[in-house]
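Data first, discussion second: the structure below is written as structure tokens.
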Amino acid sequence: MNDLIGLVDWSRAQFALTAMYHWLFVPLTIGLSLIVAIMESVYVRTGKERWKGITKYWMTLFGINFACGVATGLILEFEFGTNWSNYSWFVGDIFGAPLAIEGLLAFFMEATFVAVMFFGWNKFSRGFHLAATWLTALGVSLSALWILIANAWMQSPVGMEFDPAQMRNVMDDFWAVVLNPVAVNKFIHAVTSGWALAGVFVVGVSCWYLMRKSNVEAFKKSLHIGAMVGFIGLLLTMWSGHGSAVVVSQVQPMKLAAMEGLYEGSVGQGLVAVGMLKSNAEDTPSDPMAWKIEIPKGLSYLIYLDDKHFVPGINDLISGRSISEAGDTVYGMSYADKMVKGREARNALRIYNEARAAGDTRTMEAAAADVKKNFRYFGYGYLSDARDAVPPVGLTFYSFHIMVMAGGYLLLFLAIALALSYKRRTLLENKWFCRLGILSVAVVWVCSQAGWIVAEVGRQPWVIQDLMPTTAAVSGVPGSSVQLTFWIFAAIFTALLIAEISIMLRFIYNSSKQNIEKTH
């Protein structure tokens with residue numbers, strides 16, 4: 001058992017390591033592709049060569065980041081086969097189909113048109129080159145779309161049927177998978193957050209040039225576009241974040257409870273604006289917060305737009321407790337009940353396989369019906385205790401609130417930057433504003449990483465919500481092998497990140513000595 005736990009922990013750590021490094025590059029790639037396309041559109045519309053130089057400058061930074069994102073993304077997909085082979089078999093074509101579409105359509109689309117972007121300036125017309133730039137931006141977003149569709153299915157499995165003969169899930173409604181509400185909100189949230197991150201990045205880099213009095217007019221223009229894209233992106237991120245919270249309350253209520261550190265729910269539940277959990281919060285569910293500043297009834301309004309609905313906490317979900325609109329306490333299916341149903345489904349699957357081996361068709365049909373009846377609780381059959389279904393509350397809670405607070409700060413900063421770029425352009429060269437802009441680049445990446453942690457850690461222990469926990473998803477490989485590759489990947493990814501940052505900083509520094517409006 002200890003070997004299994006070690007294998008699961010190291011497999012999760014390796015996947016988290018790869019995903020977090022990958023997520024350093026992805027949002028910037030998504031956002032910069034849009035910003036570059038906008039800048040080139042200005043160049044084509046105005047015909048001013050200065051915009052060509054500005055476009056080429058940011059296109060170079062996009063290209064550096066794009067290459068690093070591709071490298072980490074490929075390794076991430078390989079890990080499904082090496083570390084999570086049971087999962088890969090269980091999900092069948094449901095998970096593979098979106099990834100295949102991403103590879104065949106989006107990736108090749110990016111690869112084709114990104115070449116035209118970088119090497120076709122003097123070989124194609126302005127219009128064709130601009131089209132290639134916009135198609136690259138579209139390809140980047142489409143790539144994210146299909147990956148997020150696959151991820152959303154893991155968070156809310158829909159559009160499928162379990163086939164006991166194959167011991168795997170089979171897609172029976174492609175459009176249900178594609179239009180999964182989790183996928184729709186995830187896609188909008190991820191893409192617009194990429195716009196916000198890239199916008200802050202462009203503002204921060206522009207502030208560095210303005211502080212050095214280098215290429216001032218070019219980077220005031222860059223700052224204006226970065227602030228505009230970032231501000232719009234962050235507004236849309238917040239809007240889609242609300243939509244995501246509503247969907248999470250429906251399909252992953254335990255994640256929502258962990259995000260709020262909520263153990264005992266209530267009608268008209270408040271929303272924690274900022275707070276700190278007690279070290280023994282799990283043992284004091286009626287008062288798990290050491291201190292907090294709460295928005296009265298805020299969580300109920302966020303989810304239901306009124307204060308009359310009951311929002312369950314962690315202990316409520318485990319026990320099946322709820323409160324009706326009449327104010328009565330009622331009990332539905334508890335996690336213990338779901339564990340019983342899950343074991344019944346697993347036992348029925350065992351009977352099916354035995355009957356199949358014996359050629360007993362009647363028993364097979366009866367067992368298949370029992371599997372189908374209780375399959376929605378299949379994953380609970382692997383749990384030994386109901387509290388095994390509770391995610392790491394502290395990490396989820398703090399990540400969520402760091403994301404929200406950082407997002408609030410960034411919205412205010414981008415609003416100020418955008419206003420100054422319209423009305424008070426001379427203030428853009430103020431050293432305190434420039435320093436704040438450079439600092440904001442670090443803040444936006446912390447915000448982005450915190451959001452990823454909330455999405456993925458908050459759904460633990462499930463690799464597929466309610467159907468498969470991580471303990472059942474891993475490959476049958478020695479934990480020592482995964483541990484070794486973890487450290488190898490950690491070294492490689494860290495070296496890759498250092499190389500990217502070094503190349504970017506060297507490019508930025510060297511460009512400060514040139515007139516980018518003429519030399520790029």
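The values are calculated or read from the model by the stated rules, or taken from the named source; none is laboratory data. Small disclaimer: the values here were computed from a predicted structure and weren't measured. When we count neighbours, we look across all protein chains shown, and the Cβ atoms used for this are built from the backbone with ideal geometry, even at glycine. In case anyone asks, the SASA skips ligands and DNA or RNA and just uses the protein heavy atoms, side chains included. Shrake-Rupley method; radii C 1.70, N 1.55, O 1.52, S 1.80 Å.
Quick check on segment 213-229. Is at least one of its residues of a type in the set (Phe, Trp, Tyr) and at pLDDT below 90? Checked against the condition, which is being of a type in the set (Phe, Trp, Tyr) and at pLDDT below 90, segment 213-229 yields at least one hit. A search for C-beta distances below 6 Å between a residue of segment 301-319 that is free of Cβ contacts under 8 Å to residues at least 12 places away in the same chain and any residue that is outside any helix (DSSP H, G or I) and exposed (fewer than 15 other Cβ atoms within 10 Å of the Cβ), counting only pairs 6+ apart in sequence or on different chains, returns nothing. The condition of being touching a helix residue (DSSP H, G or I) at 6+ places or on another chain (Cβ under 6 Å) and not in a helix (DSSP H, G or I) holds for only one of Val463, Val482, Val443, that being Val463.
Scan segment 263-276 residue by residue and report those that are open to solvent by 20 Å² or more (accessible area, probe 1.4 Å) and under 22 Å from Gly451 (Cα atoms). Result: Leu271, Ala273, Val274, Met276. For segment 411-433, filtering for residues that are touching a residue at least 24 places away in the same chain (Cβ under 8 Å) and either over 18 Å from Leu234 (Cα atoms) or acidic (Asp, Glu) (or both) leaves 6. Scanning segment 371-430 for residues that are more than 20 Å from the chain's Cα centre (by Cα), buried (at least 21 other Cβ atoms within 10 Å of the Cβ) and within 30 Å of Val441 (Cβ to Cβ), we see that the one that is modelled with the lowest pLDDT is Leu428. Return yes when Leu235 is open to solvent by 10 Å² or more (accessible area, probe 1.4 Å), in a helix (DSSP H, G or I), out of contact with any helix residue (DSSP H, G or I) (no Cβ under 6 Å at 6 or more places or on another chain) and of a type in the set (A, V, I, L, M, F, W, C) and no when it is not. Here the answer is yes, as Leu235 does meet what is asked. Ser448 passes every criterion in (1) in contact (Cβ under 8 Å) with a residue 60 or more places away in the chain; (2) outside any loop (DSSP other than H, G, I, E, B); (3) surrounded by fewer than 20 Cβ atoms within 10 Å (Cβ to Cβ) apart from (3). Checked against (1) touching a Pro at 6+ places or on another chain (Cβ under 8 Å); (2) of a type in the set (Val, Ile, Thr); (3) open to solvent by 10 Å² or more (accessible area, probe 1.4 Å), Ile188 passes all but condition (1).
Filter segment 334-362 down to the residues that are among the basic types (Lys, Arg) and within 28 Å of Ser319 (Cβ to Cβ), then identify the one that is nearest to the chain's Cα centre (by Cα).
Once the filter is applied, the top-ranked residue is Lys338.
Scanning segment 159-184 for residues that are over 17 Å from Ile101 (Cβ atoms), open to solvent by 30 Å² or more (accessible area, probe 1.4 Å) and under 19 Å from the mean Cα position of the chain (by Cα) yields a single hit, Pro181. Can you confirm whether Lys221 is part of a helix (DSSP H, G or I), among the charged types (D, E, K, R) and more than 25 Å from Lys338 (Cα to Cα)? Criteria met by Lys221.
Per the conditions (1) over 21 Å from Tyr263 (Cβ atoms); (2) in a helix (DSSP H, G or I), the sole criterion not satisfied by Ser399 is (1). Residues that are open to solvent by less than 20 Å² (accessible area, probe 1.4 Å) and either among the polar types (S, T, N, Q) or touching a strand residue (DSSP E or B) at 6+ places or on another chain (Cβ under 6 Å) (or both): does segment 336-344 have at least one? Scanning segment 336-344 turns up no residue that is open to solvent by less than 20 Å² (accessible area, probe 1.4 Å) and either among the polar types (S, T, N, Q) or touching a strand residue (DSSP E or B) at 6+ places or on another chain (Cβ under 6 Å) (or both).
Would you mention how many residues in segment 110-130 are assigned to a helix (DSSP H, G or I) and surrounded by fewer than 18 Cβ atoms within 10 Å (Cβ to Cβ)?
Total meeting the criteria: 8.
When Ile293, Ile303, Ile314 are checked against the criterion of being open to solvent by 50 Å² or more (accessible area, probe 1.4 Å) and under 23 Å from Gly451 (Cβ atoms), a single residue qualifies: Ile293.
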